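Only one structure is covered here, and it is reproduced in the block below.
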Amino acid sequence: MKKLTVGVLFGGCSTEHEVSLSSAAAVVNHLNRDKYDIVMIGITRDGRWYRFFGEADDIQRDRWSLNPSCVPVVLSPNRAMKGLVELIGTEFRFTPLDVVFPVLHGKNGEDGTMQGLLELAGIPFVGCDTLSSAACMDKAVAKTLVSAAGIAIPASVTLNAESSLEDMLAAEELGYPLYVKPARSGSSIGISKAYDRQELVDGIRNALLHDSKIVIEQHVVGVELGCAVLGDAIPEIGAIDEIELTGEFFDNVEKYSLNTATIHLPARISARKAEEVKEMALEIYRALGCAGFARVDLFLSADGKLLFNEVNTIPGFTAKSRYPNMMRAAGIEFPELLDRLIASADREVRA
Ligand SMILES: Nc1ncnc2c1ncn2[C@@H]1O[C@H](COP(=O)(O)OP(=O)(O)O)[C@@H](O)[C@H]1O
Ligand SMILES: [Mg+2]
């Protein structure tokens, strides 16, 4: 069988650039070389694109862009090409791509922008389409859509940079403590927990540094559950995990250090509750138009209710990350997971 040429996109103009490097290194290391020719495409923090010919370890260690073999590239939206244009001085070389796997997190990668470019280019790609990616990235939009599908969400208000002080203080009616979040962020960046008015005002100011739109949410007392979903028409669901926190919340440091947080896989919930979680995750996946894969995050409140938190359309993908671990616990090893993702992308191009 002919090998597929798979473009792996990594890095990107995002606060989650480093996480993407770790995820991409794991993807490159686990893709089956007998099935795929890999084209590594790195995007620097300031948005320069290069084809990279070195080792995955250099991606992991954030020194890939120093490699002298890096060639400037553009991904052409011209459907007659369907591939990558390498710019070599005044010459160019063209590499067709069968499938692209955007291993990018956060802004300019997971938020529909890259998906829009790939849709224009007519190149099949792994994961959610433009609309779904954009909807999941925006916590306010995602909550509105999920709530319209009849699923419980934490009480919240949405504000922007133009909101009045009264609007901001109206959030107090939700009751402290409150979570203040940039609407479109990830890895807990810009998120804070406010216990009083001063912390609320500081939290709003801080969140507005990251986004012009923010969401203020009631604190849900309970545990966080994650659900890995894989596929399209009839998706498969991995094992459910649970985050046990002894610190304040699952912040940016905790997510990657796990000093005070413990991840339980499987979650310490009854088989019946697990079924309920899976059903709800599927409903959310469908309500938000997800495809390929996504990690659906929920809260299980102390009184036993499930509430929607968020969907990560390109969840952390290192060999130790939650999504691959949840699929492994359901019997799907990393290389097989990658095969499935590529197979689901290699369908008719979404127009
Ligand atoms: N309403 C809430 N109640 C309780 N904890 C919350 C709430 N919102 C966020 N958190 C905590 O903050 C973390 C990050 O929030 P989240 O909305 O998942 O943002 P991110 O996209 O950065 O992961 C969560 O994993 C959880 O620990
Ligand atoms: Mg989260």
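The values are calculated or read from the model by the stated rules, or taken from the named source; none is laboratory data. Here the structure is a predicted model, which is why all the values come from computation and not from measurement. In this analysis, Cβ positions are derived from the backbone assuming ideal geometry, glycine residues included, and neighbour counts consider all displayed protein chains. With ligands, DNA and RNA removed, areas are computed over all heavy atoms of the protein, side chains included. Shrake-Rupley method; radii C 1.70, N 1.55, O 1.52, S 1.80 Å.
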(message) Using amide H atoms built in the peptide plane, which far-off residues or other-chain residues are under 5 Å from Phe125 H to H?
(response) Val100
(request) If a/c stays under 1.5 just call it rounded; otherwise compare a/b with b/c (prolate if a/b is bigger, oblate if not). Do that for region 250-336, with a ≥ b ≥ c from the square roots of the Cα gyration tensor eigenvalues. (result) rounded
(message) For q values of 0.13, 0.20, 0.22 Å⁻¹, compute log₁₀ I(q)/I(0) with the Debye formula on a Cα-only model of region 160-257, without solvent.
(response) -0.55, -1.01, -1.13
(message) Assuming 0.36 nm per residue, please report the length gained on full extension of the stretch Asn29 to Asp62 beyond their Cα-Cα distance.
(response) 10.3 nm
(request) Please work out the Cα center distance from region 240-310 to region 162-178, rounded to the nearest Å. (result) 27 Å
(message) If I model a spin label at Asn78 and Ser212 as a point 7 Å from the Cα along the Cα→Cβ vector, what separation in nanometres do I get?
(response) 3.4 nm
(message) Run the numbers for Glu166 and Leu87: contour at 0.36 nm per residue of separation, minus the present Cα-Cα distance, in nm.
(response) 23.1 nm
(request) Quickly work out the Ile189-to-Tyr176 label distance, labels modelled 7 Å from Cα along the C-beta direction, and quote it in nm with one decimal. (result) 2.9 nm
(request) Would you work out the relative contact order for the chain, in percent, from Cα pairs under 8 angstrom that are 6 or more residues apart? (result) 18 percent
(request) State, to one decimal in nm, how far the label point of Ile234 lies from the label point of Asp346, with both points 7 Å from Cα in the Cβ direction. (result) 2.2 nm
(message) Shape verdict for region 4-126, please, from the Cα gyration tensor: rounded (a/c under 1.5), prolate (a/b greater than b/c) or oblate.
(response) rounded
(message) Run the Debye formula on the Cα coordinates of region 203-351, all scatterers equal and no solvent, and tell me log10 I(q)/I(0) at q = 0.15, 0.16, 0.18, 0.20 1/Å.
(response) -0.84, -0.95, -1.15, -1.34
(message) Give me the 1.4 Å probe accessible area per residue for region 156-218, excluding ligands and nucleic acids, in Å².
(response) 46 Å²
(request) Give the whole-number value, in cubic angstrom per residue, of the convex hull volume spanned by the C-alpha atoms of the chain. (result) 144 Å³
(message) Can you give me the angle between helix 334-345 and the longest principal axis of the chain, using Cα atoms only, in degrees from 0 to 90, rounded to the nearest 10?
(response) 80 degrees
(message) I need the calculated FRET efficiency for the pair Lys255 and Ser301, taking r as the beta carbon distance and R₀ as 25 Å, to the nearest 0.05.
(response) 0.70
(request) Can you figure out the FRET efficiency of Lys3 with Glu276, using R₀ = 35 Å and their beta-carbon distance, to the nearest 0.05? (result) 0.25
(message) If I take R0 = 35 Å and measure r between the Cβ atoms of Ala319 and Thr44 in this structure, what FRET efficiency does the formula 1/(1 + (r/R0)^6) give, to the nearest 0.05?
(response) 0.90
(request) Starting with the highest mean, order 254-263, 200-209 by the number of other Cβ atoms within 10 Å, averaged over the residues of each peptide. (result) 200-209, 254-263
(request) With runs of 4+ DSSP H residues as the only contributors, calculate the mean residue ellipticity of the chain at 222 nm using -39,500 (n - 2.57) per run, divided by the residue total and rounded to the nearest 500. (result) -9000 deg cm²/dmol
(message) Give me the extension gain from Phe94 to Glu18: residue separation times 0.36 nm, minus the current Cα-Cα distance, reported in nm with one decimal.
(response) 24.5 nm
(message) Distance between the C-alpha centers of region 84-143 and region 181-238? Whole Å please.
(response) 24 Å
(request) Please determine, in degrees from 0 to 90 and to the nearest 10, the orientation of helix 17-30 with respect to the longest principal axis defined by the Cα atoms of the chain, where the helix direction is its Cα long axis. (result) 50 degrees
